[in-house]
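Every number here is computed from the coordinates shown, using simple stated rules; none is lab data. Remember, it's a predicted structure, so these values are computed and weren't measured experimentally. Here the Cβ is made from the backbone with ideal geometry for all residues, glycine too, and neighbour counts use every protein chain on show.
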Amino acid sequence: MPRVRVDNLEIDYKVAYRHIRYPRLELRTGELLVVLPKKGRSAKAVIEKHRQWIVAKKAAINTALLKADNKHLVMTRSNEVLKKLVLASMKKFASACGFQVGKTYFRKMKSKWASHSGNNNLTINTDMRYLPKSVIDYVVFHEMAHSLERRHNTRFWKIVGRKFPNHQKKESELGTYWFLMQKI
């Protein structure tokens, strides 16, 4: 595996070539993946261009890993109980905030807690059954807020901030739980 030095960090990375227009970096599990278009672009050049982001993201991951040692997962909740919790939260937030949601799907997802489609459908990661109810509520609200604003821009975070003024803490907590899940 190739390795690059970014500031004082030695980082192993993988390169994937895909049918995309712009290169991107992924650090979801702590391992750096450089995704490049089929033509052109050097992995090292992309890494160099985004070195500050890599250092910040690595620091956030290390913090999440340390915090994961102090967190515990809910190990007794079934998928059926998760579905009831999510649907109850959706009903509460839809009526209170005017969110529009189509269908709701539940499945195991590899890289995210939930997603919101262009058709206003929600997909919920069944691994959320291990999370505390307050965190489940946050994820549901976050995804439903995408029915009013698709992007993670200032308007979106204002919508989320009305219900969860501590949304930065919730986002950090989600990262901590993500890495805790990787241990089981």
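Assorted remarks:
- Reducing the range 1-51 and the range 103-144 to their Cα centroids gives an inter-centroid distance of 28 Å.
- Of all DSSP beta bridges in the chain, antiparallel share, percent nearest 5: 50 percent
- Residues MET90, MET109, arranged from fewest to most other Cβ atoms within 10 angstrom of their Cβ, appear as MET109, MET90.
- For the range 3-68, with +1 on Lys and Arg beta carbons and -1 on Asp and Glu, the positive-most of ILE61, VAL46, ILE11 along the dipole: VAL46
- Theoretical gain in end-to-end length, ARG41 to LYS163 [0.36 nm per residue, Cα-Cα removed]: 39.7 nm
- Rounded to 5, the percent of DSSP beta bridges in the range 3-68 classed as antiparallel: 55 percent
- Residue-averaged [θ]222 nm for the chain, counting only DSSP H segments that reach four residues, each worth -39500 (n - 2.57): -14500 deg cm²/dmol
- When +1 charges are put on Lys and Arg Cβ atoms and -1 charges on Asp and Glu Cβ atoms, the dipole computed for the range 36-184 relative to its Cα centre reaches about 440 debye.
- VAL140, VAL55, VAL34 arranged by Cβ crowding within 10 Å, fewest neighbours leading: VAL55, VAL34, VAL140
- Across the range 3-68, the mean sequence separation of Cα contacts (distance under 8 Å, 6 or more residues apart), normalised by length, yields a relative contact order of 28 percent.
- For the pair CYS97 and THR76 in one chain, pulling the backbone fully straight at 0.36 nm per residue adds 4.5 nm over the alpha carbon distance.
- Dipole of the chain, positive end: most advanced residue of ALA145, GLY102, LEU174 [Cβ charges, Cα centre]: GLY102
- With contacts taken as Cα pairs under 8 Å and at least 6 residues apart, the chain reaches a relative contact order of 17 percent.
- In order along the range 73-83, the Karplus-derived 3J(HN,Hα) couplings, from 6.51 cos²θ - 1.76 cosθ + 1.60 at θ = phi - 60°, round to 8, 7, 9, 10, 7, 8, 4, 5, 5, 4, 4 Hz, and Gly and Pro are given as x.
- Its Cα centre serving as origin, the range 3-68 has a Cβ charge dipole (Lys and Arg +1, Asp and Glu -1) of approximately 360 debye.
- Three-way shape label, the range 35-172, alpha-carbon gyration tensor, a/c 1.5: prolate
- Those lysines that a straight Cα-Cα span of less than 19 Å connects to LYS39, excepting residues fewer than 8 apart in one chain: LYS14, LYS49
- Taking other residues whose beta carbon is less than 10 angstrom from the beta carbon of HIS116, and scoring Lys, Arg as +1 and Asp, Glu as -1, yields 0.
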